[in-house]
Amino acid sequence: MTPPSPDTIYFYAQTDPYAEFSNFAPYGVCFEDIWWPTVEHYFQAMKFHDAAYRTRIRRCQKPKDAKALGMTRKIPLRADWEEVKDDIMYAAVLCKFRTHGAPRQLLLGTGDAPLVENAPMDAYWGCGPDGLGLNKLGRILMRVRGELAEDAAALNR
């Protein structure tokens, strides 16, 4: 793997710079006329077809509680979860940054810098314990950043 660029931006904890990039950040999203307190709430709920369980996740006071409910296997995951989870994450992240101006400007302000979720225990969405993870969330953020930049350029034409 190529070593990280010196301009790489790492994000993870709510106390870190760029905490707005975290799915736990307090920026809600709306899908099908339902307001979700954070991207994390929405993403965790979409793992399940059970409407009552989705509502239970949506009503959690904290994103960490929504995540804990989403990690249960007492309620069956939707059968297509592995096929749709990246698209669901992308849609939620795009919605967040299109809805909220402050994090959108912060994201656009990163220019072309690589973005890495510095998640020590998650080698799928983040860089994992060894820094060699897939960094899917960072890649989604870079894709969203590109789309937002194109939107801004189109408005200025």
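Nothing in this text is a laboratory measurement; each read-out follows from the coordinates by a stated rule. The shown structure was predicted, so the numbers you read here are calculated from the model rather than taken from an experiment. All Cβ positions, even for glycine, are placed from backbone atoms using ideal geometry, and neighbour counts span all protein chains on display.
Values as computed for the structure displayed
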item: Tally of Lys pairs whose C-alpha atoms are under 14 Å apart, taken over the chain, 8 or more apart or cross-chain; result: 4
item: Proximal charge balance of Ile57 [Cβ under 11 Å; K/R count +1, D/E count -1]; result: +3
item: Within a Gaussian network of the chain (alpha carbon springs, distance under 10 Å), most fluctuating of Pro63, Pro26, Pro17; result: Pro17
item: Amide H within-cut-off set for Tyr124, under 5 Å, with H built and near neighbours excluded; result: Leu134
item: In nm, spacing of pseudo-spin labels at Val84 and Ala68 (7 Å Cα→C-beta vector); result: 2.7
item: Additional length obtainable on full extension of the chain from Asp7 to Ala149, 0.36 nm per residue less Cα span; result: 49.2 nm
item: For the range 149-157, 3J(HN,Hα) per residue [Karplus equation, 6.51 cos²θ - 1.76 cosθ + 1.60, θ = phi - 60°, Hz, x = Gly/Pro]; result: 5, 5, 4, 5, 5, 5, 5, 8, 7
item: For the range 1-71: span of alpha carbons on each principal axis (Å, largest first); result: 46, 25, 22
item: Longest to shortest principal axis, alpha-carbon extents of the range 46-157, angstrom; result: 51, 34, 27
